[in-house]
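Q: Below is a structure I'd like to ask you about.
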Amino acid sequence: MGAKGKLDGAYYGGGPPPQPHLNGSQYSPYAPPMQPPQTPYMGVGSMSNGAYHGTYPQQPPRPRQRQGRSTDDGCCCCCCGICTCIFKCLCGCLFKSLCACICQIICTLVVLAGIILLIVWLILRPNNIESYTNDASLTEFNLDGSTLRFNLALNISIRNPNFRVQIEYQKIEALALYWGQRFAAKELEAFSQPVNSTSSIKAEFKGQNVVVLDDEGLSEYNEEKSSGMFSIDVRLNLHIQPKFLFIKGGPMRPSIHCNTKIPLSTSGKTYQSQSCNVVWLKALWW
């Protein structure tokens, strides 16, 4: 058969044996080796014959944000969690934004101050003082040209309606005015007023002073002189200080305005008690 012959279907020659083909034929001895069949690539999420062979793409989970904290890396919001955020803000000021921490600390202090003031107000329940005139005597009130001669005595009652707050009257200045012009002034004695009590202040004005009235003022004076009833304004400028037990509040400067109509003693008329207005010039409770 020869060196490269074939006997009974067997190959005895040199070199690689012939490769059988799928259809029964043979390749040349030097043909490239047959590759195994490959399944066509369907891709992720592809469809074949209406069936889905892939997997759905998964989205990465979103990071959760803790409530009560800011979205940045700065200090936490002290206005929301006062008790827990004060120390975090103080510690965070060493590493985080200094301006943000200062603003948050100020916000916390404002909130705490408001809470303290509310608690103090609920405990003390401060009320404004009340005042009225209960007696007045006018024995002389004569205007000669621009000189006014007067003799006036007035009793003013001041009531402290507070049940827990005492009031110290450190300075009392009494003023008497007619037609908007001051004609007398006197400083009264200071005193301390207990809680829920009424004190009486007596102001006496006697002497003469220059009072210049225009035509309208002179006409008004003549009418009041004929009727025997004069409109005189009396004011008390006070320097007071509230006191609760051993704690003293800040100084306050209220003013008591009494717009009174006082009868002349020779007219035979009697004086009627009149209420006064309390004007707070510079005063805040505590």
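Q: So for the stretch 130-282, what percent of the C-alpha to C-alpha distances run longer than 18 Å?
A: 59
Q: When only C-alpha pairs under 8 Å and at least 6 residues apart count, what is the relative contact order of the stretch 130-282, in percent?
A: 29
Q: Most exposed first by the Cβ proxy, i.e. fewest other Cβ within 10 Å, how do Tyr221, Tyr178 rank?
A: Tyr221, Tyr178
Q: Specify, per residue and in Å³, the volume enclosed by the convex hull of the alpha carbon atoms belonging to the stretch 206-286.
A: 159
Q: For labels at Ala100 and Asn259 in the simple 7 Å Cα→Cβ model, what's the distance in nm?
A: For the pair Ala100/Asn259, the computed spacing is 5.8 nm.
Q: What is the dipole size for the stretch 162-286, taken about its Cα centre, with +1 at each Lys and Arg Cβ and -1 at each Asp and Glu Cβ, in debye to the nearest 20?
A: Here the stretch 162-286 has a charge dipole of around 720 debye.
Q: Separate question: Compute the signed sum of charges (Lys and Arg +1, Asp and Glu -1) over the other residues within less than 13 Å, Cβ to Cβ, of Thr198.
A: 0
Q: Can you tell me the convex hull volume per residue for the stretch 114-180, based on C-alpha atoms, in Å³ to the nearest whole number?
A: 141
Every number here is computed from the coordinates shown, using simple stated rules; none is lab data. Just so it is clear, the model here is predicted, and its values are computed rather than measured. So basically every Cβ, Gly included, is an ideal-geometry build from the backbone, and we count neighbours across all protein chains shown.
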